[in-house]
Structure formats: C-alpha cells, structure tokens
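The structure appears below as structure tokens.
The values are calculated or read from the model by the stated rules, or taken from the named source; none is laboratory data. Keep in mind that this is a model prediction, so the values were computed, not measured. Note that we place each Cβ from the backbone using ideal geometry, even for glycine, and neighbour counts take in every protein chain shown. Note: areas computed on protein heavy atoms with side chains; ligands, DNA, RNA excluded. Shrake-Rupley method; radii C 1.70, N 1.55, O 1.52, S 1.80 Å.
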Amino acid sequence: MFNKKSKFELKKDLEQEAFQRITCSFYRYINIKNPKIFRNHLYEKFSNLNILGRVYVADEGINAQISVPEDKWSMFEDYINSEILLNSITLKKAVQEGSSFIKLKILVKNEIVAYGVDKDCYNMNHVGQHLSAKEFNESINEEGSVVVDMRNYYESEVGRFKNAITPDIHRSQELLPEVAELISDSKDKKVHLYCTGGIRCEKASAYLIKKGFKDVYQLDGGIIQYAHDVKKENIPSEFIGKNFVFDDRLGEKITDDIIGKCHQCQKSCDQHANCNNDACHILFIQCENCATKYDRCCSVNCRDFNALDNEEQRKLRKDIDKKVSSAKLSTKFRPKLYKLFNYWK
Ligand SMILES: [Zn+2]
Ligand SMILES: [Zn+2]
C-alpha cells in the first residue's frame, strides 16, 4: 500500500482538483500494540478519503500533518471518532491555506518525535503543565520566567516568542541534552516550552522534569493553536514573525514582523527555500534579489553545478556517491561531502 505516481503527476493531479482542501494536524501519545497493522489500516482509510500528507506511527503514538478535501471533512471526523486510538483527538487546522502536500505518506517509526533519547530519560505520565495562549502570555511575562523554543534553529530564525532562548541546534537528536545544559541554572525557575503543534514539548517537558526541573510549562497546542487563540480572543501576540511549517508552504505569517535575514545578502527576509541544485537541496533563507542572482541556489558553487548539462551533473554525482559509499558515509549529508571531496570550496 504505497503511492506509485511521480512527483510531476501528483502535482498535476492536485492542480486539477475542483475542490478546496483543509490542512490540519494532530498527534497523540498512546500505546499502539501493532504500529504496522494500524499503519496499513490508516492508509486504506485515508486513501479512500483522498487525504494527502505525512503521518508517523510508532508504538508510542501517532503524529499527522494532512490535507483533507473539504467535502470529505465530516466523513474524516466520523472516522476519527469511530477509531478507538484516535477518538476525540484535537484536530488543529492551519492558520493559512495553500497547497500543502502532494501525496500521502504513512511511515512506521521508532518514535513519533525523533529526539533519540532513551526511554528511561522521561516518563510520559509526568509532562509539563499545559497553558492556554492567555495563560502563557501572563506566565512568560512574570519576572524570572524562562522561555525556550523547542524547535530547530532554522525554524526560530523566522519567528519566535520575544525573549525566547533559541538553541543553535540543527538536528533534533542534540536538542534535549543541549536545552537541559543551557538552562541548567534555572531548575527552580518557571520554565516555558513551545513548539509548532505541541508534540515536541510533551516529550521535552517530561525529559526536563526527570532532569530535576520543578516548574515546567508547555504551550497547549503549540504555535498553531496560539495563533488561532490570539486572533479569536483578540489578545496581543507575544510570538513575532512567521511559524515555520513542514509542508510546501514553509511557513505561515503570525505577525507582520520580519525577523529573519537572507543568508546571502543579510537583507531582512523570512522566506525559506530549498536550494535549486537537486544534489544539494539545503534549506535556507533567500530574498527575491538573491534568488534571481543565484538562480534559486544556495551558493555560486551550486548555481554553477546546476548550470552543467544533465549528463555532466550525473557523472559528477556518481563519482561523489562512489567516494561516499567507499567511505561508508550517508548520502544524506551530500552537500557537506561535496565540500569534503573538494568538488567545490
Ligand atoms: Zn538576499
Ligand atoms: Zn546548494
């Protein structure tokens, strides 16, 4: 049960749709006895409802970002409430619409959030206290309060809570020990955590509590819920800028502040892009001027590589891949490897 169409075909299908889609996310930490069977069951249900998106299933729970055809929404809700593992789960709708996913991908994982910490480093029965948008605003403004952004650095670069600590971390696996270290002198202070949808703070708060932090809070439903609530309740947003999201939109505006900078010219900018050179594809911030100047690439090297004809590109990549496999390195870090093997400086 997997999708077999090409990216091009999928995009074309999506463009020809005559209906609207609703982007939403949900998660739940719950013991799933057989993630594989549940995954297949979910795939069948979701495909029948023409749902697209990315879903992770693990024995510790489920984490989903999906887009649902508007006319199928009530059938989707009916299914969710009929399913014992998902019954009355909170469905968080996106703040801004726009094409979000082109296919359905449901994967069985070890963890629904890949922090890579041992199971005895946290207890999911002891998580941080959930705060609503209003409560969070009040609490973080109390003297001595600590606020930590639990997302990766590239996410906080374009939007964050004022005065938040934003760990300079690019891989989730390094985040928890790093945060515990960063705020190690705040064990008796009020510690507030936030992330995109709340899922990362559930486990992160459990981890910090086990580490001896006494007063740990988490933003209920994350930035997505916060953005809805400040609008609905007409309260000031302490979050400024853009909320980075992991779909094709790469972000939704919460306030008009632009707090990021173009990585190439340093001009104020909050638009993420993936390098146009497929061999690199690195995620970075790029302004319109630089996009034109560098042909949507992250560097002169990538632009030049991208300008080579396909045959030449293939030869170079093959050559590099050979070196990569002989050095037993992962191709995941290809951009770094290009530098490593001196194809470019
Ligand atoms: Zn620029
Ligand atoms: Zn690049």
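Here region 54-84 is scanned for amide nitrogen atoms under 18 Å from the site 7 Å beyond the Cα of GLN20 along Cα-to-Cβ, giving 66-77.
Residues whose amide H falls under 5 Å from that of GLY198, counting only those 5 or more places apart or on a different chain, are GLY222, ILE223, with hydrogens built in the peptide plane. Dividing the summed helix terms, -39500 (n - 2.57) for each DSSP H run of n ≥ 4, by the number of residues in the chain produces a 222 nm estimate of -10000 deg cm²/dmol to the nearest 500. Expressed in units of 2.2 N^0.38 Å, where N is the residue count, the Cα radius of gyration of region 91-147 is 1.71. Based on every Cα atom in the chain, Rg and the maximum pairwise Cα distance Dmax equal 21.4, 62 Å. Less than 5 angstrom separates the built amide H of PHE161 from those of ILE240, all sequence-distant by 5 or more or on a different chain.
Stokes-Einstein, applied to the Kirkwood radius of region 119-214 over Cα pairs at a viscosity of 0.692 mPa s and 37 °C, places its translational diffusion at 242 µm² s⁻¹. Gyration tensor over the Cα atoms of region 1-100: the corresponding equivalent ellipsoid has semi-axes (square roots of 5 times the eigenvalues, largest first) of 23, 16, 12 Å. Using a 1.4 Å probe on the protein chains only, how many percent of the accessible area of region 47-124 belongs to carbon and sulfur? Reported share for carbon and sulfur atoms: 45 percent.
Against the empirical curve 2.2 N^0.38 Å, the C-alpha radius of gyration of region 203-297 lands at a ratio of 1.41. Built from the Cα atoms of region 163-251, the convex hull projects on average onto 6.5 nm², one quarter of its surface area. Close amide H partners of GLN271, meaning residues 5 or more places away or on another chain with modelled amide H under 5 Å apart, are GLN286.
Classify region 227-276: rounded, prolate or oblate, from the alpha-carbon gyration tensor (a ≥ b ≥ c, eigenvalue square roots; a/c under 1.5 rounded; otherwise prolate if a/b is larger than b/c)?
Taking the square roots of the gyration eigenvalues as a ≥ b ≥ c, region 227-276 is oblate.
So how exposed is LYS242, as accessible area in Å² (1.4 Å probe, rounded to 10)? The accessible area comes out at roughly 20 Å². Using the Karplus relation 6.51 cos²θ - 1.76 cosθ + 1.60 with θ = phi - 60°, the per-residue 3J(HN,Hα) values for region 153-158 come to 4, 5, 7, 6, 4, 10 Hz, with x marking Gly and Pro.
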